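Trainee: Before I ask anything, here is the structure I am working with.
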Amino acid sequence: MTRQRSFLDLLKGHWQLILITGLVFALWNTPVVVPLKILVVFLHELSHAVTILLTGGSVESFTISPQQGGMVIGRGGSRFLSLSAGYLGSLVFGMALLIIALRTNVDRAVLAVFGAIMCLIALLYIRDAFALLFCAGVGAAMIATAWFMSHEVSDLVLRVIGLTSMIYVPFDIFDDTIRRSGARSDAFLLAEEFGGTAMLWGGVWLVLSSAAIAVCLRYWLGRDSNLPLHRKAL
């Protein structure tokens, strides 16, 4: 009875997040989720770029592709940290967006800043057509959503992006570094330059990402994460 009540409380308190997660999984291999996957790839490449800049290097170019690939070319900085930052950094971004949506009221400001960062990356570093159009278009849409739509809409957008990133990262780590250990992934390059194997580094990242997701859900989800469906009367 206690377990049944706990399960019912979980459904009641978090049915919206459960529904979003279920829809993302159900539509995972359809074109509907592709833009979200590309957005997570953007966060992956952004993590590389930010780490290069924070460790004293410079970013020469930044790109993402419709095939859900991406590449950042940098000069200087910490090669070890920048190679390690892609998967784990995009996970941190995803968790941060979800926590902001769940526990703060700055959703519109954060969504607008996110959009502005995408537009700035497009302006400073991107030269190919698809990446330029995607980053500038999605960035402008985020700014417009934050400016013209309600707080709840911005909150929902951050939840969807955050959850998708949290779902995508462990799957991508497993697929790139364990299932296809010979692929030229970040883990393959890390093993090539610093020792170990792609599977070893992928395993480490998979454990870290799974632990981080568990901690995020354990300590930040709370008892009720649902957005109110109706505004309270003034």
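We did not get these values from a lab; they are worked out from the coordinates using the rules stated. None of these values were measured; they are calculated from a predicted model. Note that we place each Cβ from the backbone using ideal geometry, even for glycine, and neighbour counts take in every protein chain shown.
Trainee: In whole Å, how far is the Cα centre of the stretch 144-161 from that of the stretch 105-125?
Mentor: Each part's Cα centre sits 13 Å from the other's.
Trainee: Identify, among Leu189, His14, Phe80, the residue whose Cα sits farthest towards the positive end of the charge dipole of the chain, taking +1 on the Cβ of Lys and Arg and -1 on the Cβ of Asp and Glu, with the dipole about the Cα centre.
Mentor: In the chain, that residue is His14.
Trainee: Please give me, ordered by residue number, the trypsin sites (Lys or Arg not before Pro) of the stretch 44-128 that lie in loop per DSSP and have at most 13 other Cβ atoms within 10 Å.
Mentor: Within the stretch 44-128, the qualifying trypsin sites (Lys or Arg not before Pro) (loop, at most 13 other Cβ atoms within 10 Å) are Arg127.
Trainee: Turning to a different aspect of this structure: Local charge sum around Phe171 (other residues, Cβ-Cβ under 11 Å, Lys/Arg +1, Asp/Glu -1)? Each step should come with its number before you reach the end.
Mentor: Details: positive: Lys37, Arg179; negative: Asp172, Asp175, Asp176.
The answer is -1.
Trainee: Convert each backbone phi in the stretch 204-215 into a coupling constant with the Karplus relation 6.51 cos²θ - 1.76 cosθ + 1.60 (shift: θ = phi - 60°), then list the ³J(HN,Hα) values in order as whole Hz, x for Gly and Pro.
Mentor: 4, 5, 5, 5, 4, 5, 5, 5, 5, 5, 4, 5
Trainee: Another one. Each residue of the stretch 29-38 in order: what ³J(HN,Hα) in whole Hz does its phi give by Karplus 6.51 cos²θ - 1.76 cosθ + 1.60, θ = phi - 60°, with x for Gly and Pro?
Mentor: Once θ is set to phi - 60°, the couplings for the stretch 29-38 become 9, 10, x, 4, 8, 4, x, 5, 4, 5 Hz.
Trainee: Using the Karplus curve 6.51 cos²θ - 1.76 cosθ + 1.60 with θ = phi - 60°, what ³J(HN,Hα) values do you get for each residue of the stretch 175-181, in whole Hz, with x for Gly and Pro?
Mentor: After applying 6.51 cos²θ - 1.76 cosθ + 1.60, I find 5, 7, 10, 10, 5, 10, 5 Hz.
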